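Heads up, the thing below is written out as structure tokens.
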Amino acid sequence: MMFAAKKSSRHACCCMLPVGTGKIPTALAQHPHTAPTDIEFKSYIEESRVPANRQVVFHLELSWTGDMKRYQFTRIPQPVLTNLLLEMSSSSNKLETLPSGQTRSIKRISYQLSPLEMGMAYIDAVEVAYRDILTGEDSRLFSQRMEIKIIEPVAEGRSKLEALIYVVLLILFSGTIAYFLILYVRKRKDNRSLEHTETSPAERYHDRLAREIDPKGANLSEMTGRMSKLFREYLAEDFQIRTTESNVDAILERLQSAGVEAADIRKLTELFRKLDVIKFAGSSVDPAEFSLLCRTIEDF
């Protein structure tokens, strides 16, 4: 919405003219040093319907043909507002060269206004007072009263920087999840590989002997009984002997038929004899004897 007004002197009436999108004709002075130069005065808002969370931008624009210093503006007051709050104002000066070679001076004052509530908002007419430096004549111009419809607020959009931060964080989060997922999958594969790696009964029971039998234990008789049980479990698994149901002779005969050397059979015969004595006689076991028994089982 845009309006324009022609300059008027203190003794003349002010004429307010509505302006469309076309250019406003400017009356040029015949002799710039003696005759007054017309000022073109525009007042306009950028939007006539403004959301409650956006700003109304109001402009006053004065332009004339000739030098920028030709006029002295003695009064440009802040606009009187209804349902609006002045947030900021600014002014700028610009020179344009016309096709005729003359210079056009443009002075623009801009106001940024915040709506107070939904409904109608108004900007009262603004009176601009100025003096022609060449003639000393004082004049005034008046803008048109503006109406603005304050409508429902719009959804706030995110700034480019904020959106970029969210994208970066999303990428980092996704990368972290992918990294730990890959580690998890690899660990599962490694565990499965370990599970499928076949180990011999001798290796497994050798590990159990190292974990469960303590040669420095306080009760070596108890340790001897535990070691004897582990050894019988190993023979049952590796040689398919029911050691819990068979006597020593049957166990030795089965081992001999399985190809165990005669020297090892003699050692095992002595081992089982000592284990039976310790078990049934309840005799104590000294560390040297326990070490011999343990070494015999480990060497087998």
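Note the full-extension length gain between residue 125 and residue 82 as 0.36 nm times their separation in residues minus their Cα-Cα distance, in nm to one decimal.
14.3 nm
In percent, how large is the relative contact order of the stretch 201-299, given Cα pairs closer than 8 Å and 6 or more residues apart?
33
Between residue 170 and residue 189, what is 0.36 nm times their sequence separation minus the Cα-Cα distance? Round to one decimal in nm.
Here the segment from residue 170 to residue 189 would lengthen by 4.0 nm.
May I ask for the net charge around residue 59, where only other residues with Cβ less than 9 Å from the Cβ of residue 59 are counted and Lys, Arg are +1 while Asp, Glu are -1?
Charge balance near residue 59 sits at 0.
Within the set 229/267; 94/149; 216/267; 107/149, which residue pairs have Cα atoms separated by over 22 Å?
Over 22 Å Cα-Cα: 94/149; 216/267; 107/149.
Fewest first, what order do 231, 272, 73 take by the number of other Cβ atoms within 10 Å?
Placing the least packed residue first, the sequence is 73, 272, 231.
Using every Cα-Cα pair within the stretch 218-279, state what percent have a distance larger than 14 Å.
That fraction is 58 percent.
We did not get these values from a lab; they are worked out from the coordinates using the rules stated. As the structure is a prediction and not an experimental result, all values here were calculated from the model. Neighbour counts are summed over all protein chains in view; Cβ atoms, including those assigned to glycine, are modelled from backbone coordinates with ideal geometry.
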